[in-house]
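Before any comments, here is the structure.
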Amino acid sequence: MTNNATLKMQFLFSLRKAGILDKQVLDAMERVDRKNFVNNVFSEKAYDDTPLPIACGQTISQPTVVGLMTQALQVTSRDKVLEVGTGSGYQAAILSLLARRVYTVERHSLLVHNATKIFQKLGINNITTILADGGYGLEQQAPFDRIIVTAASDDPPASLLSQLKIGGIMIIPVGQSDNIQNLIKIAKTDSGYDYQDLQPVRFVPLLAGTEKEQ
Ligand code: SAH
């Protein structure tokens, strides 16, 4: 059987091979053990470059996609970041090592609960996890230096664009949920928005409203 250290080395190698070369992003991804965020049933797949099922019919994203999105976000240690779509909490945990403060919004209360517990267990104290429809952003904490959306919508939601600081960056998958979507990078300038296509991706859809589980 391949041991954990070898699997982790292969994990880091697959990130580099996919074009994640930013040292801080690689360090953060080395430090945040993905095993903490996947269901025990899948623990031997934790370092595979594949999305995996989590509770509520959702998924933890593929590590290379997490890496590319994080790299494209160009987070600095002064930044206040908004993530829409907490899911397992894995992406937020990586961001927490790079940013000053992370606000992550999720529409399933069970996922909010689970992620909050993991952050506590790992001693991460600069993430706030909120049950809300992230399509409206998080008005009470706006504006944000960086916004990352980990669920796909037809167009970037207007509330999110308006809650981005001038000079800020937003990364979001756009396109129909049952189709291949396009990951785009939006830079807000004082005269408008610059859009850049990054790569094709596949995410679960950004849905309206919140879901309360038992
Ligand atoms: N970033 C996650 C993966 C996200 S999966 C991780 O690292 O594991 C996408 C998540 O977006 C799902 O958990 C889904 O419930 C959530 N989501 C979808 N629409 C949403 C909305 N409008 N507001 C908040 N969360 C939403």
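Taking the residues in region 128-153 that are of a type outside the set (Gly, Ala, Ser), within 12 Å of the ligand (Cβ to nearest atom) and buried (at least 24 other Cβ atoms within 10 Å of the Cβ) as candidates, determine which candidate is nearest to residue 65 (Cα to Cα).
Applying the first criterion (of a type outside the set (Gly, Ala, Ser)) to region 128-153 yields 128-131, 133, 136, 138-141, 143-150.
After this cut, where a residue has to be within 12 Å of the ligand (Cβ to nearest atom) as well, the list is 129-131, 133, 136, 138, 148-150.
Subsequent filtering for residues that are buried (at least 24 other Cβ atoms within 10 Å of the Cβ) retains 148-150.
Working: 148: 12, 149: 12, 150: 10 Å.
Looking at residues that are of a type outside the set (Gly, Ala, Ser), within 12 Å of the ligand (Cβ to nearest atom) and buried (at least 24 other Cβ atoms within 10 Å of the Cβ), I get 150.
Which one is farthest from residue 156 (Cα to Cα) among residues in region 80-92 that are buried (at least 24 other Cβ atoms within 10 Å of the Cβ) and more than 8 Å from the ligand (Cβ to nearest atom)? Here the answer is 81. With the requirement that a residue be more than 10 Å from the ligand (Cβ to nearest atom), within 20 Å of residue 204 (Cα to Cα), open to solvent by 20 Å² or more (accessible area, probe 1.4 Å) and outside any helix (DSSP H, G or I), what does region 20-61 give you? If the condition is that a residue be more than 10 Å from the ligand (Cβ to nearest atom), within 20 Å of residue 204 (Cα to Cα), open to solvent by 20 Å² or more (accessible area, probe 1.4 Å) and outside any helix (DSSP H, G or I), then 39, 48, 49, 50, 53 are the ones that fit.
Residue pairs whose Cβ atoms lie under 7 Å apart, separated by 6 or more positions or on different chains, with the first residue in region 197-208 and open to solvent by less than 80 Å² (accessible area, probe 1.4 Å) and the second near the ligand (Cβ under 7 Å from one of its atoms) and in a loop (DSSP other than H, G, I, E, B), are 203/150; 203/151; 204/58; 204/151; 205/151; 206/151. Can you name the residue in region 156-196 that is small (Gly, Ala, Ser) and open to solvent by 40 Å² or more (accessible area, probe 1.4 Å) and is also nearest to residue 146 (Cα to Cα) among such residues? My answer is 167. Note on region 93-121: among residues that are among the β-branched types (Val, Ile, Thr) and over 17 Å from residue 206 (Cβ atoms), the one that is farthest from the ligand (Cβ to nearest atom) is 116. Taking the numbered list (1) surrounded by 16 or more Cβ atoms within 10 Å (Cβ to Cβ); (2) touching a Leu at 6+ places or on another chain (Cβ under 8 Å) in turn, residue 76 passes all entries but (1). The lone criterion from (1) in a helix (DSSP H, G or I); (2) under 16 Å from the mean Cα position of the chain (by Cα) left unmet by residue 12 is number (2).
Out of 129, 116, I need the residue that is of a type in the set (S, T, N, Q), closer than 30 Å to residue 39 by Cα, at pLDDT 95 or above and outside any strand (DSSP E or B). Which one?
Working: 129 fails: outside any strand (DSSP E or B).
Of 129, 116, the one residue that is of a type in the set (S, T, N, Q), closer than 30 Å to residue 39 by Cα, at pLDDT 95 or above and outside any strand (DSSP E or B) is 116.
The values are calculated or read from the model by the stated rules, or taken from the named source; none is laboratory data. Please read these numbers as outputs of a predicted model, since none were measured by experiment. Ideal geometry is used to build each Cβ from the backbone, glycine not excepted, and the neighbour counts take in all protein chains shown. Heads up: the accessible areas ignore ligands, DNA and RNA and are worked out on the full protein's heavy atoms, side chains in. Shrake-Rupley method; radii C 1.70, N 1.55, O 1.52, S 1.80 Å.
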